[in-house]
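Remarks on the structure that follows.
The values are calculated or read from the model by the stated rules, or taken from the named source; none is laboratory data. Keep in mind that what you see is a predicted model, and the values were worked out from it rather than measured. Heads up, the Cβs are rebuilt from the backbone with ideal geometry, glycines too, and the neighbour counts pull from every protein chain shown.
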Protein chains: 2
Amino acid sequence: MTITIKELAQKCGVSIATISRALNDEPSVTKETKEKVLVMAAQLNYKPNLLARSFVTKKSNIIGLVMPDIHGEFFMEIIHGVDEVCYLHKYYTIFSSSHGKRSTAEAIIDFMTRGIVGGIILMTPAIDDEIRKILKLNQLPTVVISGKRDFDRCDSISIDNYNGAYALVDYLINIKKIKKIAHISGPLKNNDAIQRQRGYQNALEDNGIPVNKNWIIEGDFTTLGGQAASTKLLKLKDRPEVIFAANDMMAIGCYISARLLNLKIPTDFGVAGFDDIFASQFLNPRLTTLHVPIYELGKQAATILIQRMNKTELNEFKHITVPTELITGGSV
Amino acid sequence: MTITIKELAQKCGVSIATISRALNDEPSVTKETKEKVLVMAAQLNYKPNLLARSFVTKKSNIIGLVMPDIHGEFFMEIIHGVDEVCYLHKYYTIFSSSHGKRSTAEAIIDFMTRGIVGGIILMTPAIDDEIRKILKLNQLPTVVISGKRDFDRCDSISIDNYNGAYALVDYLINIKKIKKIAHISGPLKNNDAIQRQRGYQNALEDNGIPVNKNWIIEGDFTTLGGQAASTKLLKLKDRPEVIFAANDMMAIGCYISARLLNLKIPTDFGVAGFDDIFASQFLNPRLTTLHVPIYELGKQAATILIQRMNKTELNEFKHITVPTELITGGSV
DNA sequence: TCTTTACATGAAAACGATTACATTAAAATA
DNA sequence: TATTTTAATGTAATCGTTTTCATGTAAAGA
């Protein structure tokens, strides 16, 4: 059914070497033979076996996408961005998510040792020692997508969590004239969470507002967690005017608390989020949040990785920080 | 860095054939040699090169996932389900989406001829002649996820669109006592759209309600399309009481129309959707819709495909229909 | 004890491409 | 014209595994 290089060579009356060279557009082959081979290949619908090719060249045009988890729009958009670029360059994307037991480190090792992929996009909330050790081996070109520039020995892309959070809190203080701002952070082993909290605190301090420890609660980035944390905050004697949740999912939890406690947003208290997920624009009132260009993140990661996979020379590692954009809704 | 079978053989003092047999747990190898090989392999951290293995066996444990498009939760959940099963069976998932120009057919052919994947999960709104022709070749085991059982020569999984839509409309008529029900369908080349519309029409007819052609508008499954169609419907002299949108995205469009036309849901008119996407539960009022177990869809597709990839005997093709579940919100 | 059978292992081919090296023919130089 | 250089193509090795076939040894049967 599927034809091989041998058969094509026979049909063309040349050696397989010439076929290979012609198809790879090497200058040593004459125009005429190239033409002949190309025409015949098209006619017989010959497509080089990528497995065989990768096997012998030790290069693969498959990108391994390692993610902590795969559900929700966030990851989908990353995948979408990566896929878009891969398609343009005739690359493929294969993925691996951490499944409960399997750690991110295992996933990377698997990709590095199995010969399937030629490069890795690693998306991770934080780079621990184990991952750091593996990345240092530099077995395969890798691009890290993380909440913070955390590792210098490979290319990286991070969201500007700090400045995003800072800008939002600054906006709340100076434009909205709000001083009593609480924060539900993400899990504090997560770099995005850490940076967002830092932005929140520094914006307060820079505006001469003391940080109130009672108004900072560590959440878990889930709706349920946001609901629990916001309920706690809203029951305080000294209740904050606005709750800044470190992501939109937890902000949605705040909306649920409001409904259950019979409080109105934004009159009784305000809510702000981070991420600008799809659902945020349909919350009533629309959520004030920070838009993160996730799709772009994926695209950039793939673009850099493919460059790296194509070049043997090792120029300096790129570290890109992607800015966020303040979206003002009616929630504060 | 990465060790090969040859080196492992040397270290073990046996031939590479024995290594291969030991690792594949063939009965012809004695317990002692097996043990020795396994221990040494673990010690040296040897992992067979999957590329080489696939190359020689002509089998691949990579599943090709072909989708019309990859964004939105729907596809994410499919991917999630597939990935879950793949992980358990040590399979990988690689994907390919139709990128504007590239057709689904091309994507399938690519997977079938390149030797990378050993099986395909094809998700498509409809099976046209081109796809049908390719699938008939039976080059690789394939599972089709589609809106309708449309092709008998491979395994297939479909959502029970017809009965879902029927149940919803029946509920509107008999429980909610509503007779004037409009429908915004999906694109009519899409099987899901066709089946949902059929369910709508038959439910009306079976309840003795004549179908009003003016109340059926072909939409495009997008928020914007839903908004346009619902605006048209709401401006009719003879305005329907409820708009049943063929998916939640278009139902969201109805909410936007309502806001712009200053109409209240459900008092001025009601809305129902299909899919039960994440955002639906945060609409105000919560959308009445049909929950589709998308994650399950992906899981089942992968499970069947892996079975098929492991067996050479070709038993009968499976055709599974997955039921939907009515979610009643406050939108009607 | 000698032959046969079964079993465990090894040697080598195979998979489909790329590529270093060899070869041939034509063009350029002496 | 003889020799060297260059250009186009062919030959064969190679990648890491699986697998067929051959081989040798131990157990079973005579």
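Output the residues belonging to the range A:307-328 that are outside any strand (DSSP E or B) and modelled with pLDDT of 95 or more.
If the condition is that a residue be outside any strand (DSSP E or B) and modelled with pLDDT of 95 or more, then A:PRO323, A:THR324, A:THR328 are the ones that fit.
Note on the range A:204-215: residues that are of a type outside the set (Val, Ile, Thr), over 19 Å from A:LYS232 (Cα atoms) and in contact with a strand residue (DSSP E or B) (Cβ under 9 Å, 6 or more places away or on another chain) total 1.
Across the range B:49-59, not a single residue is classified as within 30 Å of B:ILE19 (Cβ to Cβ), within 10 Å of chain A (Cβ to nearest Cβ) and in a strand (DSSP E or B). Residue-level analysis places B:ASP248 outside the set of residues that are buried (at least 22 other Cβ atoms within 10 Å of the Cβ) and on the phi > 0 side of the Ramachandran plot. Candidates are the residues of the range B:11-38 that are among the acidic types (Asp, Glu) and surrounded by 11 or more Cβ atoms within 10 Å (Cβ to Cβ); the one that is farthest from DNA strand C (Cβ to nearest atom) is B:GLU35. Say we look at the range B:192-251 and pick out the residues that are under 22 Å from the mean Cα position of the chain (by Cα) and among the small types (Gly, Ala, Ser); which of these is farthest from B:LEU290 (Cα to Cα)? Checking each candidate, the answer is B:GLY219. Here B:ILE70 meets each of (1) within 12 Å of another protein chain (Cβ to nearest Cβ); (2) within 15 Å of DNA strand C (Cβ to nearest atom) with one exception, condition (2).
Here A:PHE282 meets each of (1) at pLDDT below 95; (2) crowded, with 24+ Cβ neighbours inside 10 Å with one exception, condition (2).
The single residue among B:ARG102, B:ARG149, B:ARG153 that is within 14 Å of chain A (Cβ to nearest Cβ) and surrounded by fewer than 16 Cβ atoms within 10 Å (Cβ to Cβ) turns out to be B:ARG102. Scanning the range B:100-114 for residues that are under 17 Å from the mean Cα position of the chain (by Cα) and either of a type in the set (Ser, Thr, Tyr) or assigned to a loop (DSSP other than H, G, I, E, B) (or both) gives a single hit, B:THR104. If you go through the range A:48-63 and pick out every residue that is within 7 Å of DNA strand C (Cβ to nearest atom) and in contact (Cβ under 8 Å) with a residue 12 or more places away in the chain, you end up with 3.
Could we say that A:ILE63 is among the β-branched types (Val, Ile, Thr) and outside any loop (DSSP other than H, G, I, E, B) here? Spelling it out, A:ILE63 is indeed among the β-branched types (Val, Ile, Thr) and outside any loop (DSSP other than H, G, I, E, B).
Of everything listed in (1) touching a residue at least 24 places away in the same chain (Cβ under 8 Å); (2) away from every other protein chain (no Cβ under 14 Å); (3) among the charged types (D, E, K, R), the single unmet condition for B:LYS34 is (1).
Can you name every residue in the range B:82-101 that is under 12 Å from A:SER97 (Cβ atoms) and not aromatic (Phe, Trp, Tyr)?
Kept after step one, since they are under 12 Å from A:SER97 (Cβ atoms), are these residues of the range B:82-101: B:82-84, B:86-87, B:92-93.
Once the filter is applied, which keeps residues that are under 12 Å from A:SER97 (Cβ atoms) and not aromatic (Phe, Trp, Tyr), the range B:82-101 yields B:VAL82, B:ASP83, B:GLU84, B:CYS86, B:THR93.
Counting the residues of the range A:216-238 that are in contact with a helix residue (DSSP H, G or I) (Cβ under 7 Å, 6 or more places away or on another chain) and not aliphatic (A, V, I, L, M) gives 9.
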